[in-house]
1. Being exposed (fewer than 14 other Cβ atoms within 10 Å of the Cβ), closer than 17 Å to A116 by Cα and either in contact with a Phe, Trp or Tyr (Cβ under 6 Å, 6 or more places away or on another chain) or at pLDDT 60 or above (or both): is that true of S75 here?
2. Out of S55, S89, S65, report the one residue that is at pLDDT 95 or above and either more than 16 Å from W31 (Cβ to Cβ) or in contact with a strand residue (DSSP E or B) (Cβ under 9 Å, 6 or more places away or on another chain) (or both).
3. State all residues of segment 27-44 that are surrounded by 11 or more Cβ atoms within 10 Å (Cβ to Cβ) and not β-branched (V, I, T); if no residue qualifies, say none.
4. Looking at segment 93-129, which of its residues are among the hydroxyl-bearing types (S, T, Y) and farther than 20 Å from R76 by Cα?
5. For E87, only one of the following conditions fails: (1) crowded, with 18+ Cβ neighbours inside 10 Å; (2) over 25 Å from V53 (Cβ atoms); (3) not β-branched (V, I, T). What is its number?
6. Considering only residues that are out of contact with any Asp or Glu (no Cβ under 9 Å at 6 or more places or on another chain) and among the hydrophobic types (A, V, I, L, M, F, W, C), which ones fall in segment 60-94?
7. Residue by residue through segment 51-110, note down the ones that are among the polar types (S, T, N, Q), closer than 17 Å to G122 by Cα and part of a loop (DSSP other than H, G, I, E, B).
Amino acid sequence: MTRARILPLAILATLALATPAQAAKSVKGKWKGTVHSGSISFKMKMTIKRTKVGSTAGTLSNPGSPCHGTLTVTSRHDGGLSLQYHEKSTAAGECTGNDKIFIKRKGAKLRWRAVAPNGQIGTATLRRR
């Protein structure tokens, strides 16, 4: 094989090997878990499609409740992403509204922390669904 053919094959092999490792560290994907906030707990599902600052990252919902909305990436810091949650539900009394959320990978799991406009804090450890 000539040098011109070997170099492209080496590059493709390197990319093929790097992709699974990068995907394993990515926050992109579908996640689920239980949010704990004081004495209450509730199920939550989140989908992250984009991680560029300023982009609409994905969606968040609370199965069994009318609460759902979109997520926007506001910044990257401390090895994770800060997101702004935009509530789409019309059930204002049941949903917290426009929470500030921080997510960070921890192995195969995703640490999730939200602060509601009223100061209420919720935390969760999410797993891929």
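1. no
2. S55
3. Result: K28, G29, K30, W31, K32, G33, H36, S37, S41, F42, K43, M44.
4. Passing the criteria: only T96.
5. Of everything listed in (1) crowded, with 18+ Cβ neighbours inside 10 Å; (2) over 25 Å from V53 (Cβ atoms); (3) not β-branched (V, I, T), E87 misses just condition (2).
6. Of everything in segment 60-94, those that are out of contact with any Asp or Glu (no Cβ under 9 Å at 6 or more places or on another chain) and among the hydrophobic types (A, V, I, L, M, F, W, C) turn out to be L71, V73, L81, A91, A92.
7. N62, S65, T96, N98
The values are calculated or read from the model by the stated rules, or taken from the named source; none is laboratory data. Keep in mind that what you see is a predicted model, and the values were worked out from it rather than measured. So basically every Cβ, Gly included, is an ideal-geometry build from the backbone, and we count neighbours across all protein chains shown.
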